[in-house]
Amino acid sequence: MQPIFVGLAGLAITDEERALFRSADPAGYILFKRNVDTPEQVRALTDALRDLAGRDLPILIDQEGGRVARLRPPHWPEFPAGERFDTLYQRAPITAIEAARLNALALAAMLKGLGITVDCLPLLDVRDAQGHDIIGDRSYGTSPMQVAALGRATLAGLQAGGVVGVVKHIPGHGRAKADSHLELPVVDTSRAELERDLEPFRTLNDAPMAMTAHVTYTALDPARCATLSPTVIGLIREDIGFDGLLMSDDIGMHALGNPAAGGLPEGSNALQDFGARGLACLDAGCDIVLHCSGDFAEMRALVEAMPAIGADAARRLDAAMRWAGAGDATPAAEWAAARDSLLGMA
């Protein structure tokens, strides 16, 4: 098994992908809008991926709600963005926490029926007035305690529904003034001030999975962005105390194409060498390399460079997949109706 989560090009596995995946045996897969059409098609795709692997395995999706949602009407309902729970929390904190839990239960019930077992949620990024809108309304608020409380409720709902949650973007993306999909954000905040960003992750350090931030924090490591920094990964493990599965954010994002991101071998082409990017993530201490685009040439370069998954990463992956509960028989619509009655107070 290779320590990678990879995407696919379309609605079904191509023959070319099938051959590559059979040889590489990825640890898991991630789905995007290009991979979904109808519930029947999605279930057939997830079943096919598991049949190809010959085992159960994590199949991920970014289904946050609001503007970040791969599954959309008419086949799937809209879910609220994090800001809705923030708004309700200002009036009724306990009600907001329960609404977040019910929302996650509804999400989990929907995803579990499609064969999707990991949702890249909750965001623990503390919103900052000066930060780029790439986080914006996706955040649970500006208070670390509130973000942690709503994040904990979301994790609990996902777990009760049999789906694994992923806290992101560790150690915090809220202060970044650029979109890491497009460029490398650099945060010059002092180490003391960064405590505000670290706090929700420290509070939820028992989460099963986490995703790194492609952000350079000059107070932590001025030479390398977090994903590629052994120093920052060490802080995640030791200071924050996170011992769950740590995956990189998507290595196809332009932040890692910037030589200033650091961590890449001298002479490598940062814009094209996906094998070098993947190895740099592992060398820094990430357990899993995430590649999302489904671009076959990029995946092949990544696969050719990757070693077998390490013992610690395999242990963390197994523990993360066992974290999710047995699920709940209540239909997603009932959880959503209960959530909506609470959100109506916002």
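Of Gly294, Gly325, which residue is surrounded by fewer than 18 Cβ atoms within 10 Å (Cβ to Cβ), under 20 Å from the mean Cα position of the chain (by Cα) and assigned to a loop (DSSP other than H, G, I, E, B)?
Gly325
Every residue in the range 187-201 that is within 19 Å of the chain's Cα centre (by Cα) and surrounded by fewer than 24 Cβ atoms within 10 Å (Cβ to Cβ), please.
Leu198, Glu199
So the check is Cβ under 7 Å with 6+ separation or different chains; which pairs have a first residue in the range 54-73 that's over 14 Å from Leu121 (Cα atoms) and a second one that's of a type in the set (Val, Ile, Thr) and at pLDDT 95 or above?
These pairs meet every condition: Pro58/Thr117; Pro58/Val118; Pro58/Val164; Leu71/Val36.
Looking at this structure, is Arg55 out of contact with any strand residue (DSSP E or B) (no Cβ under 9 Å at 6 or more places or on another chain), charged (D, E, K, R) and closer than 27 Å to Ala314 by Cβ? Break it down into steps so the answer makes sense when it comes.
Numbers: out of contact with any strand residue (DSSP E or B) (no Cβ under 9 Å at 6 or more places or on another chain): yes; charged (D, E, K, R): yes; closer than 27 Å to Ala314 by Cβ: yes.
Spelling it out, Arg55 is indeed out of contact with any strand residue (DSSP E or B) (no Cβ under 9 Å at 6 or more places or on another chain), charged (D, E, K, R) and closer than 27 Å to Ala314 by Cβ.
Can you tell me which condition Val215 does not meet? The list is (1) of a type in the set (A, V, I, L, M); (2) over 16 Å from Leu124 (Cβ atoms); (3) touching a Pro at 6+ places or on another chain (Cβ under 6 Å), and all the others hold.
In the conditions (1) of a type in the set (A, V, I, L, M); (2) over 16 Å from Leu124 (Cβ atoms); (3) touching a Pro at 6+ places or on another chain (Cβ under 6 Å), Val215 misses (2) alone.
Looking at the structure I just gave you, is Pro265 touching a helix residue (DSSP H, G or I) at 6+ places or on another chain (Cβ under 8 Å), loosely packed, with under 14 Cβ neighbours inside 10 Å, at pLDDT below 75 and not in a helix (DSSP H, G or I)?
yes
Name the single residue, out of those in the range 24-59 being within 19 Å of Met321 (Cβ to Cβ) and hydroxyl-bearing (Ser, Thr, Tyr), that is surrounded by the fewest Cβ atoms within 10 Å (Cβ to Cβ).
Selected residue: Thr46.
Within the group Leu155, Leu204, Leu184, which residue is in contact with a strand residue (DSSP E or B) (Cβ under 9 Å, 6 or more places away or on another chain), crowded, with 18+ Cβ neighbours inside 10 Å and modelled with pLDDT under 95?
Values: Leu155 fails: modelled with pLDDT under 95; Leu204 fails: modelled with pLDDT under 95.
The conditions single out Leu184.
If Gly10 satisfies every condition in (1) in a loop (DSSP other than H, G, I, E, B); (2) surrounded by fewer than 16 Cβ atoms within 10 Å (Cβ to Cβ); (3) out of contact with any helix residue (DSSP H, G or I) (no Cβ under 7 Å at 6 or more places or on another chain) but one, which is the exception?
With respect to (1) in a loop (DSSP other than H, G, I, E, B); (2) surrounded by fewer than 16 Cβ atoms within 10 Å (Cβ to Cβ); (3) out of contact with any helix residue (DSSP H, G or I) (no Cβ under 7 Å at 6 or more places or on another chain), Gly10 is out only on (3).
For the range 243-257, state whether one or more residues are within 27 Å of Ala149 (Cβ to Cβ) and in contact with a Gly (Cβ under 8 Å, 6 or more places away or on another chain).
Yes - at least one qualifying residue is present in the range 243-257.
Evaluate the following for Gly136: is it buried (at least 24 other Cβ atoms within 10 Å of the Cβ), under 22 Å from Glu78 (Cβ atoms) and among the small types (Gly, Ala, Ser)?
The answer is no for Gly136.
The values are calculated or read from the model by the stated rules, or taken from the named source; none is laboratory data. Not measured: the values here are computed from a predicted model. With ideal geometry, Cβ positions are generated from the backbone for all residues, glycine too; neighbour counts draw on all protein chains shown.
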